[in-house]
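The structure appears right after this line, and notes come after that.
The values are calculated or read from the model by the stated rules, or taken from the named source; none is laboratory data. What you see is a predicted model; the values in this text were computed from it and never measured. Cβ atoms come from the backbone with ideal geometry, glycine included; neighbour counts cover every protein chain shown.
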């Protein structure tokens, strides 16, 4: 199962919580895909939205979560807001 769909699966979520498995998602990828995902789903959802639901559920359960920005990990400067 992909981490983004974790919010839908209570059995896997329970396992992650019991074993205190760390979870990581790369925000840059999800943000970059958000507009096209929403277009494909008629505005209903996106991988970014699914990740947000999973992240909130994991955070509430006390699961260690890491958020990584791929650009910084590769030494690429962050995008400018604007």
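Flag: residue 15 does not match the condition of being touching a strand residue (DSSP E or B) at 6+ places or on another chain (Cβ under 9 Å) and closer than 15 Å to residue 63 by Cα.
Taken together, 42, 75, 51, 82 contain a single residue that is more than 23 Å from residue 9 (Cβ to Cβ) and at pLDDT 85 or above, which is 42. Candidates are the residues of the range 22-40 that are surrounded by 12 or more Cβ atoms within 10 Å (Cβ to Cβ) and not in a helix (DSSP H, G or I); the one that is nearest to the chain's Cα centre (by Cα) is 25. Within the range 57-67, the only residue that satisfies the criterion of being out of contact with any strand residue (DSSP E or B) (no Cβ under 8 Å at 6 or more places or on another chain), in contact (Cβ under 8 Å) with a residue 12 or more places away in the chain and not in a loop (DSSP other than H, G, I, E, B) is 57.
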